[in-house]
Structures are given as C-alpha cells and as structure tokens.
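> Provided herewith is a single structure, encoded as structure tokens, for subsequent inquiry.
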Amino acid sequence: MVAAPLEAPKISVKDLRLSYAGKQVLNGISFEVQKNEIFAVIGPAQSGKSSLLRCLNRTIEFVPKAKASGVIEIDGLNVDAIKNVYELRRRVGMVAPLPVGLPLSIYDNVAFAPRAAGFRDKSALDALVERCLTQAALWDEVKDRLHSLGTKLSGGQQQRLTIARALSHEPEILCLDEFSIAIDPVTTMRIEDVLKELKRDMTIILVTNLVQQARRLASRTMFLWNGDIVEVGKNDVVFSNKPQSQKTYDYVNGIFG
Ligand SMILES: Nc1ncnc2c1ncn2[C@@H]1O[C@H](COP(=O)(O)OP(=O)(O)OP(=O)(O)O)[C@@H](O)[C@H]1O
Ligand SMILES: [Mg+2]
C-alpha cells in the first residue's frame, strides 16, 4: 500500500532560539503548521508566545538586543532570505491583544494599507473595505457611519476593526495574540465564528490564554512553557484524558498550583 503523501507544511519552524540581551526565552523549538488550519499556542505568561509571533514576521528585528537563530520557512522559503520584509509582513498579518486603531475613520483604517500599496481605484477600494469589514463581522454595524472615527467604536468593535485592517493586506497567515483579552464573551464568540470562516482562505495562528478557546477553535495546539514545547499535537490528544505529558493534562484542566 502506498501512503498518501503528506502535504508540505505552510510554516516550518526548526530549532528556533531567541534571547533578549542574553536572556534566553525560546530554547530551540521546532514545529510545523499546516495550510488552512487554526493552530493554537497556549502557555502561561512569559512562556514566549508573543515573542514567537514576532519571529514569524520578523518584527523581532525592531527589538534591540534580540537575537534569534534557527530556521523559519513559509511555503518552504526561509523568511530570513526574504529581501522585502514589508512583503513578508503583508503575508503574515498580526492582530495585537488590544485594538490599535489609527486615529482615522472606519473606512480609512481599512483602506490605509491598500492605499499605501498604491491602490487608487475608488470603487475597487470601496469593495475591498466592504469585504474586509464583512469578513470581520463588522460591516452591518458600521456601514452607515464609515466616515466616523474608528476610535469611537466599542472595544469589541475596535478589535474587529483591527482584524478587518489585518485582512486588508490579504495575508496568507493571520496571527492573533490574545485577541479577546479586552472584549466580552459574546463578542469573543462572534469573532471565533469569523475565524472559523477565515481559515478557508488562510492559515491562522491563535495565541490564547483561554485554554477552552484553543480547544474550541484549533485543530492542533502547542503548549509552551518557559520557552520549551511541552506538547504539540491534535486537539483530541492534547485535550484528552491522556495527553503525552501530565503537565499538559494539569494545565488544560486548571490543576496548576
Ligand atoms: N522587548 C523585550 N525585551 C526584553 N525582554 C522581553 C521583551 N519582550 C518579551 N521579553 C521577555 O521574554 C519572555 C517571553 O515574553 P513573551 O511576551 O514572549 O511571553 P508571552 O508568552 O507572550 O507572555 P504573556 O502571556 O504575558 O503575553 C518574558 O520573560 C519577557 O519578559
Ligand atoms: Mg504575550
């Protein structure tokens, strides 16, 4: 019998090490993310989750004294070899824990990046703004006030605006870093539904402190602890009664003291 060929990973991380001013925070981690999956990263504070995301789109280069080694490949291409780092950051979108609205209208928040990239056609831009706001489940709430300030929206709406803005770059990979930290459970569930839709078109890396959110949304989850991978695997193993590591069981079941 011939085994079905495994699909090449969308992202491959090999032996990634990271230190800040000599203090090591990622200790040589290796894992892969498949195309069109939601891949969750869980772990306690300071385990290195946000730092890992910064390595993926090379925004780690903004941090003085940060030193990374290892290999990160996207579609088989080493990200360090990508000359146009803006193109890399367009492909790997990032949604921060707190909404970071530009002091612009709702429309201009979403149109900002496409305009900067030279997009000029008004009706095409209108269509793109509508599509991104619809994908972020915000369109119906804002379609009548597209030209009012984005910063006047509620926290949950601003977080969806941040997602719409990330989508305006048409990313292949969308990284979300604790997107629900400042929003209510109902809005969180709405955005979770949005993510389930979006994974048809992109690969999603979901950093979350909410273990149940990882369980609900992801197909696979990675548990980071002090810069090491405790366990990475399918959710039906990680969240089962018998994950590979007792530490995983204790963490996902809230037994940690
Ligand atoms: N810019 C920085 N300069 C120096 N040290 C940093 C910097 N950013 C993070 N660190 C350190 O790196 C370690 C990992 O931090 P990181 O923010 O990646 O963790 P995290 O898992 O995202 O935590 P949290 O759940 O609190 O967001 C921590 O010890 C943190 O203090
Ligand atoms: Mg973090």
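> Which condition number does VAL25 fail, the rest of (1) buried (at least 19 other Cβ atoms within 10 Å of the Cβ); (2) assigned to a strand (DSSP E or B); (3) within 16 Å of ligand 2 (Cβ to nearest atom) being met?
(1)
> Would you please list the contacts, defined by Cβ atoms under 6 Å and residues six or more apart or on different chains, that run from a residue in region 196-217 that is closer than 14 Å to ALA166 by Cα to a residue that is among the basic types (Lys, Arg)?
Once the first residue is closer than 14 Å to ALA166 by Cα and sits in region 196-217, its partners that are among the basic types (Lys, Arg) give THR203/LYS10; THR203/LYS35.
> Being of a type outside the set (A, V, I, L, M) and assigned to a strand (DSSP E or B) is the filter; apply it to region 223-246 and report the residue that is surrounded by the most Cβ atoms within 10 Å (Cβ to Cβ).
PHE223
> While we're on this one: Kindly check whether there is at least one residue in region 16-23 that is closer than 21 Å to SER219 by Cβ, within 12 Å of ligand 1 (Cβ to nearest atom) and not hydrophobic (A, V, I, L, M, F, W, C).
There is no residue in region 16-23 that is closer than 21 Å to SER219 by Cβ, within 12 Å of ligand 1 (Cβ to nearest atom) and not hydrophobic (A, V, I, L, M, F, W, C).
> Return yes or no: is PRO64 part of a loop (DSSP other than H, G, I, E, B), more than 16 Å from ligand 2 (Cβ to nearest atom) and more than 30 Å from ASP236 (Cα to Cα)?
Against the criterion (part of a loop (DSSP other than H, G, I, E, B), more than 16 Å from ligand 2 (Cβ to nearest atom) and more than 30 Å from ASP236 (Cα to Cα)), PRO64 qualifies.
> If I filter region 70-91 down to residues being modelled with pLDDT of 95 or more and in contact with a Ser or Thr (Cβ under 9 Å, 6 or more places away or on another chain), which single residue comes out as farthest from ALA127 (Cα to Cα)?
Filtering first and then ranking leaves GLY70.
> Sticking with this one: From ARG89, ARG120, which residue is more than 20 Å from LEU153 (Cβ to Cβ), touching a residue at least 12 places away in the same chain (Cβ under 8 Å) and of a type in the set (D, E, K, R)?
ARG89 is the lone residue from the list that is more than 20 Å from LEU153 (Cβ to Cβ), touching a residue at least 12 places away in the same chain (Cβ under 8 Å) and of a type in the set (D, E, K, R).
> Filter the helices (runs of 4 or more DSSP H) completely within region 121-222 down to those with at least 2 residues that are of a type in the set (Val, Ile, Thr).
Those helices (runs of 4 or more DSSP H) span 122-135, 155-167, 185-198.
> Among the residues of region 71-84, is there at least one that is closer than 19 Å to GLY227 by Cβ, within 16 Å of ligand 1 (Cβ to nearest atom) and outside any strand (DSSP E or B)?
Taking every residue of region 71-84 in turn, none turns out to be closer than 19 Å to GLY227 by Cβ, within 16 Å of ligand 1 (Cβ to nearest atom) and outside any strand (DSSP E or B).
> If a residue must be under 19 Å from the mean Cα position of the chain (by Cα) and crowded, with 16+ Cβ neighbours inside 10 Å, how many such residues does region 60-76 contain?
4
> Could you grab me the full set of residues in region 36-53 that are of a type outside the set (Gly, Ala, Ser) and either buried (at least 20 other Cβ atoms within 10 Å of the Cβ) or farther than 19 Å from ASP177 by Cα (or both)?
ILE38, PHE39, VAL41, ILE42, LYS49, LEU52, LEU53
> Can you tell me which condition GLU170 does not meet? The list is (1) more than 16 Å from ligand 1 (Cβ to nearest atom); (2) at positive phi; (3) crowded, with 20+ Cβ neighbours inside 10 Å; (4) not aliphatic (A, V, I, L, M), and all the others hold.
Looking at each condition in turn, GLU170 falls short on (3).
> Only one of (1) surrounded by 16 or more Cβ atoms within 10 Å (Cβ to Cβ); (2) within 16 Å of ligand 1 (Cβ to nearest atom); (3) more than 16 Å from ILE11 (Cα to Cα) is not met by LEU128, so which one is it?
Just one mismatch for LEU128, condition (2).
> Moving on. Restricting to region 90-111, give me the number of residues that are out of contact with any helix residue (DSSP H, G or I) (no Cβ under 7 Å at 6 or more places or on another chain) and outside any loop (DSSP other than H, G, I, E, B).
3
> Identify, from the list PRO185, PRO243, the residue that is within 22 Å of THR151 (Cα to Cα), more than 16 Å from ligand 2 (Cβ to nearest atom) and out of contact with any Pro (no Cβ under 7 Å at 6 or more places or on another chain).
None of the others qualify; the one that does is PRO185.
> If you take the residues of region 2-16 that are out of contact with any Leu (no Cβ under 6 Å at 6 or more places or on another chain) and not in a loop (DSSP other than H, G, I, E, B), which of them is farthest from LYS199 (Cα to Cα)?
Of everything passing the filter in region 2-16, ASP15 is farthest from LYS199 (Cα to Cα).
The values are calculated or read from the model by the stated rules, or taken from the named source; none is laboratory data. Nothing here was measured: the structure is a model prediction, and the numbers come from that model. Using ideal geometry, Cβ is built from the backbone for each residue, glycine included, and neighbour counts are taken over all protein chains shown.
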